[in-house]
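Right, one structure below, let's go through it.
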Amino acid sequence: MKDIENLRIHFYGVQGSGSIYPSLQDRQAYQKVTDCELLNQVFTNLQQQTGPEGRLNATIEELIGGPLNRKTLEAYRAQFDMPTARIYGGWTTCIRIETADGFDIVLDCGSGFRVCAKDIVKKWRYLEGDGQNIANNHRHLYIFGSHSHYDHTEGFDQAAVCFDPCNHIHVYANRQYLQALDQILGIFSHQVDFRLKGVQTPLSYELMPAHFYAYEIRDFQVDPPSPAGDKLVHQYHDLSQHIQIGETTLYPFEVFHPSPCLAYRIERGGKVFIFCTDHELRRGLEPDHPLQIASLEAEERLCQQSVNADVLYRDGQFLRIEYDGDLGIGSPYGISRLDWGHSCIEDVLDMAVRCQVKHTFIGHHDPNRDWLERNWWDETLQRKSEQTGLNFELAQAETVIDL
Ligand SMILES: [Zn+2]
Ligand SMILES: [Zn+2]
């Protein structure tokens, strides 16, 4: 793989609300698409070998280049350039950024974090085994949390990075996120309420020997930290100040969601990535409703941060018709999604065009939306890209972006 210029972004989990596994119907639907593509290429190939009276001019062995066995078929199949079916993910939110100066930054620890942590451990071991000059930050991982909901914290307790005493895990987030991790696992405070111990998971800090440090991001103007400190927090960080990880700068800002939620602008070498999961551009019918006003203010902050950004990852869980309750997701029966905390795809597109974001990935997919529908939306987004000269697509796990 080529060297990292500034930031290498890996999507591990882009699924919203809960992990999913592709259903038999989904698998059959995408197999049908790839099978048709393969048959199309095979018959085009056969047509080239067809004589004027419409008959094949060759035997099967001549056509496929040998006897009919697996090896020959594999070689024949390799001639065709097959697209892989787009899989829109199954794990909940987790994105990793590798920086050119050797840092690993993780955004949220949904179930995708387990896969991500395995890759990080593999990389650290490879660097050690390879005898490479290991940087000062080696075995330090920097996690930035958005908010406390389970689909953004659930991957933490089984993640491979937590089980080696040589590892240092620095978690930056709001208080609710830090508390969500600490309440169950006790990784920061080294205590768990006896009524909660072992209830949700068999694990807790005694079985997780890595070193964990909590950095609470809070608005000092509204809520100044107490000079005495507390058991949970290693350090406080003012929301209005940026955070520096090596040569990468992160700007946290608040977005709108039922649980306080942070988004991040991440910059290095003039390249900009915006991570904004779980944000609702609220569409209630009363414009003066305090939640509506708070939502519009958050949307404005997000827009200010996103102007001319290279890449935006943003929650677009619903369509307007679903948000309004006129259509269900995976069912014909609609229910209003007002105050569920997520945005509509149409609003994400408008915002990205207004801010001239070069590449927008729409994520936090609804767990009830099936594959065919996601695929249909992706094709629609392709057409929108052609019309606007900007790039839009549904986020899919295992995507790697180099900035
Ligand atoms: Zn979520
Ligand atoms: Zn949420």
Inset, instruction - From (1) over 18 Å from the mean Cα position of the chain (by Cα); (2) farther than 18 Å from residue 100 by Cβ, pick out the condition that doesn't hold for residue 269. - result: (2)
Legend entry - Of all residues making up the range 313-365, the number that are within 16 Å of ligand 2 (Cβ to nearest atom) and in a loop (DSSP other than H, G, I, E, B): 10
Legend entry - Residue count, the range 104-134 (criterion: modelled with pLDDT of 95 or more and either in contact with a Gly (Cβ under 7 Å, 6 or more places away or on another chain) or small (Gly, Ala, Ser) (or both)): 8
Inset, instruction - Write out, first by first residue and then by second, each pair whose Cβ atoms fall under 8 Å of each other, whose residues are 6+ apart or on separate chains, and whose first residue, in the range 81-98, is free of Cβ contacts under 8 Å to residues at least 40 places away in the same chain while the second is away from ligand 2 (no atom under 16 Å from the Cβ) and charged (D, E, K, R). - result: none
Legend entry - Residues satisfying the stated conditions in the range 4-19, i.e. away from ligand 2 (no atom under 16 Å from the Cβ) and either aliphatic (A, V, I, L, M) or modelled with pLDDT under 90 (or both): 4, 7, 9
Legend entry - Check on residue 102, closer than 26 Å to residue 277 by Cα, over 20 Å from the mean Cα position of the chain (by Cα) and surrounded by 12 or more Cβ atoms within 10 Å (Cβ to Cβ): yes
Inset, instruction - Quick one: residue 154 ticks every box in (1) away from ligand 2 (no atom under 16 Å from the Cβ); (2) closer than 19 Å to residue 209 by Cα except a single one, so which number is it? - result: (1)
Inset, instruction - Report whether or not residue 301 is assigned by TED's automatic domain parsing to the domain that holds residue 324, part of a helix (DSSP H, G or I), over 20 Å from residue 392 (Cβ atoms) and basic (Lys, Arg). - result: yes
Inset, instruction - Go through 210, 263 for me and flag whichever is under 20 Å from residue 180 (Cβ atoms), within 16 Å of ligand 1 (Cβ to nearest atom) and either surrounded by 14 or more Cβ atoms within 10 Å (Cβ to Cβ) or assigned by TED's automatic domain parsing to the domain that holds residue 373 (or both). - result: 263
Legend entry - Tally of residues being out of contact with any Asp or Glu (no Cβ under 6 Å at 6 or more places or on another chain) and assigned to a loop (DSSP other than H, G, I, E, B) across the range 179-209: 17
Legend entry - Search result, residues across the range 1-24 that are more than 15 Å from the chain's Cα centre (by Cα) and among the aromatic types (Phe, Trp, Tyr): 21
Inset, instruction - Starting from residues that are more than 16 Å from ligand 1 (Cβ to nearest atom) and touching a residue at least 60 places away in the same chain (Cβ under 8 Å), keep the ones in the range 310-363 and report whichever is nearest to residue 271 (Cα to Cα). - result: 310
Inset, instruction - May I ask you to verify whether residue 288 is within 30 Å of residue 24 (Cβ to Cβ), without any contact (Cβ under 8 Å) to a residue 24 or more places away in the chain and not in a helix (DSSP H, G or I)? - result: no
Legend entry - Hey, residue 140 in contact (Cβ under 8 Å) with a residue 40 or more places away in the chain and within 24 Å of residue 243 (Cβ to Cβ) or not: no
Legend entry - Which numbered condition residue 182 fails, given (1) more than 16 Å from ligand 2 (Cβ to nearest atom); (2) out of contact with any Ser or Thr (no Cβ under 8 Å at 6 or more places or on another chain); (3) not aromatic (Phe, Trp, Tyr): (2)
Inset, instruction - Taking residue 296 as the residue in question, decide whether it is in the same structural domain as residue 12 (by TED's automatic domain parsing) and either assigned to a helix (DSSP H, G or I) or within 27 Å of residue 88 (Cα to Cα) (or both). - result: yes
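The values are calculated or read from the model by the stated rules, or taken from the named source; none is laboratory data. Note that the structure is predicted; figures quoted are calculated from it, not measured. Glycine also receives a Cβ, built like all others from the backbone with ideal geometry; neighbour counts cover every protein chain displayed.
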